[in-house]
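This report refers to the structure that appears directly beneath it.
The values are calculated or read from the model by the stated rules, or taken from the named source; none is laboratory data. Since the model is a prediction, treat every value here as computed from it, not as a measurement. FYI the Cβ positions are ideal-geometry reconstructions off the backbone, even for glycines, and counts take in every protein chain you see.
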Amino acid sequence: VTGPSVLTPLLRSIRVDDRLRDILASEGVIIDPFGALLTLFLLEIVLAETLNVAGPTWWVIERLLIGLAVGAGGAFLVWLLSRTVKRLGGREMALFVIGAAVAAFAVAESLAHESGLVAMVLMAIAIGNLRLPQRERVDDLQESVTVWLIASVYVLLAAGISIDDLTGLWPEGLIVVAILALVGRPLLIMLASIRSGLNWREQAFLSAVAPRGVVAASLAGVVAVEASSLAGSDASRLVAMVFVVILLTIGIQSAYAGTLARLLRVQPMTTVIAGAGEVGRRVATLIAGSGEPVLVVETDEDAVMQAREEGLEVLIGDISDTAVLEKIRLNEAKALLLATPDDARNLLAAQLARSKFNCESVFVRVNDVANIEAFQKLGVVPVSQSEAVASELARMVAGPMFQDVLAQVAEDVTVARVVVTSAAAQREIQAIPELRGTLVVLVTRGSDSVIPNGRTELRLGDIVTIFGSLQDLAIARGGLSVVPDPEPIIS
């Protein structure tokens, strides 16, 4: 069986498209518990004095039900804590999650032996879909603990294998590994990919990457012990054979996986966006909507939560931190967009992106027009939002399109600004009937300015720039604000 204990760190170190990543990750998570139960199911049949399938079948069903119930209960406790205890630090939350997982495993095992793995898998899937506070810190600590635990398991299991057992497998061990990797795995992928929509490049990558994990080693030990007690013979060769398969598949496939992904062109170029404000989220949504992979980097947890609610992939971190840039593999990115409200941070990140990570396509949202020249000297593309909005409005005012619109509406058309102070106006522009007959050209929210569309949602404090007749503007004011009629800024 492929194992998440090996696949998870492997997928963190190489970049493959989302579909392949999901297939490999899901394969490892799903196959581990069901592969273990199937192995133990067959072992129960073999060890039975008479052929009896009903007993082992109920044995499997019982462990599935107990594991599912205990795993769901553990996930519920984690969810309940994250909702009831405020200001819980990342380390404390991570320790609680790990403790809850260990407790769930112990409870499931006490109720039915071999049901703990099912409970752990279900609990992990459920927690993976929860919105935990400081999620990245939780994941980092859990990953560190997991590495140590898995390493300990490998050491303990390998302690029972002698050098003679390993050398005694030559050359049969290499032949078995070659058959599994070059014949068995490609054949399984070919059969499983029928009508799946996977192209030959994706099938080739899945066929070539299938490292075995710690569950396979653990099962080998269990089977060896049971077989020894049944046959009265030493089954250490079985354990040694499994370890040879694990070591060779991990060592060889981990070494060539990244290169193979590049050669097969299954390694997507991701656009990295720094800043999960209105501009950053809007650009990320547009790029993701076109089918391109995009990653948002943000330090503010509230902005991170909002971006994730919109379906965006977000990493908590400082874009001007070299460690963060290395973690997101900026040197492999398609482009970098710096959209934070801090020009100093944007400037430092742009310098690192160009000089250390050789990122050719760097775009910067410039908050202060006085800094445009500094960004231009770095060879990046600066975009000043205020300059762009001003230029567009000036073009509209001076251009024939604007004049045509004014002529078609009325002679008393003017442009005005309204501050949103009415709670009833906190909805999408297209859902506000008082704005009919007007054109909303700009929404200013704090230091951000947005060119709106019908689905743009207004908030209290927004400054809305609209144009229309004086009568229509008065109606618009009644729907948006409780202050006097808007003062025209252009007439």
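Structure data summary
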item: Count - residues of segment 319-349 that are more than 28 Å from residue 369 (Cβ to Cβ) and of a type in the set (Gly, Ala, Ser); result: 1
item: Pairs, first farther than 12 Å from residue 345 by Cα in segment 315-330, second of a type in the set (S, T, N, Q) and at pLDDT 90 or above, C-beta under 8 Å, six or more apart; result: 316/299; 317/299
item: Enumeration of residues in segment 312-359 that are part of a loop (DSSP other than H, G, I, E, B) and either of a type in the set (S, T, N, Q) or outside the structural domain of residue 302 (by TED's automatic domain parsing) (or both); result: 320, 340, 358
item: Selected residue [surrounded by fewer than 19 Cβ atoms within 10 Å (Cβ to Cβ), of a type in the set (Gly, Ala, Ser), modelled with pLDDT of 80 or more and on the phi < 0 side of the Ramachandran plot] from 236, 254, 229; result: 254
item: Any hit, segment 212-220, residues being of a type outside the set (Gly, Ala, Ser), more than 27 Å from the chain's Cα centre (by Cα) and modelled with pLDDT under 85; result: yes
item: Residue in segment 124-134 that is in the same structural domain as residue 42 (by TED's automatic domain parsing), more than 28 Å from residue 41 (Cα to Cα) and modelled with pLDDT of 80 or more present; result: yes
item: Residue tally, condition of a type in the set (D, E, K, R), within 17 Å of residue 296 (Cβ to Cβ) and either in contact (Cβ under 8 Å) with a residue 60 or more places away in the chain or crowded, with 18+ Cβ neighbours inside 10 Å (or both), over segment 333-366; result: 3
item: Qualifying residue in segment 377-398 (condition: surrounded by fewer than 17 Cβ atoms within 10 Å (Cβ to Cβ), more than 35 Å from the chain's Cα centre (by Cα), within 30 Å of residue 331 (Cα to Cα) and modelled with pLDDT of 85 or more); result: no
item: Residue that is among the charged types (D, E, K, R) and either within 29 Å of the chain's Cα centre (by Cα) or surrounded by 17 or more Cβ atoms within 10 Å (Cβ to Cβ) (or both), where the choices are 164, 139; result: 139
item: Positions within segment 263-302 being within 20 Å of residue 343 (Cα to Cα), more than 16 Å from the chain's Cα centre (by Cα) and in a helix (DSSP H, G or I), in sequence order; result: 278, 279, 280, 282, 283
item: Where residue 283 falls short, out of the listed (1) closer than 30 Å to residue 201 by Cα; (2) touching a Leu at 6+ places or on another chain (Cβ under 8 Å); result: (1)
item: Where residue 15 falls short, out of the listed (1) under 22 Å from residue 118 (Cα atoms); (2) within 37 Å of the chain's Cα centre (by Cα); (3) buried (at least 17 other Cβ atoms within 10 Å of the Cβ); result: (1)
item: Qualifying residue in segment 187-202 (condition: at pLDDT 85 or above and among the aromatic types (Phe, Trp, Tyr)); result: yes
item: Qualifying residue in segment 454-467 (condition: free of Cβ contacts under 8 Å to residues at least 24 places away in the same chain and either surrounded by fewer than 17 Cβ atoms within 10 Å (Cβ to Cβ) or among the acidic types (Asp, Glu) (or both)); result: no
item: Helices (runs of 4 or more DSSP H) fully within segment 90-206 counting 3 or more residues that are free of Cβ contacts under 8 Å to residues at least 24 places away in the same chain, in contact with a Pro (Cβ under 9 Å, 6 or more places away or on another chain) and not aliphatic (A, V, I, L, M); result: none
item: From the options 64, 80, residue that is of a type outside the set (D, E, K, R), in the same structural domain as residue 145 (by TED's automatic domain parsing) and without any contact (Cβ under 8 Å) to a residue 12 or more places away in the chain; result: 80
